[in-house]
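Participant: This is the structure I want to talk about, given as structure tokens.
Computed from the coordinates by the stated procedures, all read-outs in this text should not be read as laboratory data. This one's a predicted model, so the numbers in the text were calculated from it and none came from an experiment. Because the Cβ atoms are built from the backbone with ideal geometry, glycine has one as well, and the counts that use them run over all protein chains shown.
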Amino acid sequence: MIATRDQQLSAELFEEILHNLRGQQQPKDKREDPRVGVRNRVMVQPMSNPDDTTPLPARVRDLSPNGIGLLTERPLMPQSRFSIRLEVGGGPQIMAVYRVARCTQVGQGLYGVGAQLEKVQNQARQQPPKSAI
């Protein structure tokens, strides 16, 4: 089971990391973008299979401007899509949508997932309609 002592990844931290990484120089390894190690929890919402939409707890291993590395308890199929929703200090949410690039078993019941960022969108919380006077 994935440990739950890590903090939940906030939208502010997510945006700050991506902003800072975008300003860094190209890394010396084969990756296109620099990565930063992160040890936070997120809930992964599968999007590709309508029969399997159960949210999946995951631990973020690293972030880059264009991708994310996760540890999950279930494998995610390459090319499948998932989203993560991040709270912005009690305000609107941010939804990041990713496409799985790779998924490898790294231990018993533990999978390393690498995914490419497809889009990030702000989502205003649904406000109840104002009643007519």
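Participant: Based on the Cβ-Cβ distance of Q108 and E15, what FRET efficiency does E = 1/(1 + (r/R0)^6) give at R0 = 41 Å, to the nearest 0.05?
Facilitator: Numbers: r = 35 Å, r/R0 = 0.85.
Efficiency, from the Cβ-Cβ distance: 0.75.
Participant: Okay, next question. Test of understanding: what is the full-extension gain from E87 to T54, defined as 0.36 nm times their sequence separation minus their Cα-Cα distance? Before the final figure, lay out each step's value.
Facilitator: Working: separation 33, 0.36 × 33 = 11.88 nm, distance 1.96 nm.
Answer, rounded to one decimal: 9.9 nm.
Participant: In sequence order, what are the phi-derived ³J(HN,Hα) couplings for the stretch 82-97 according to the Karplus relation 6.51 cos²θ - 1.76 cosθ + 1.60 with θ = phi - 60°, rounded to whole Hz, with x for glycine and proline?
Facilitator: In residue order, the calculated couplings are 8, 10, 10, 10, 10, 7, 10, x, x, x, x, 9, 10, 10, 10, 10 Hz.
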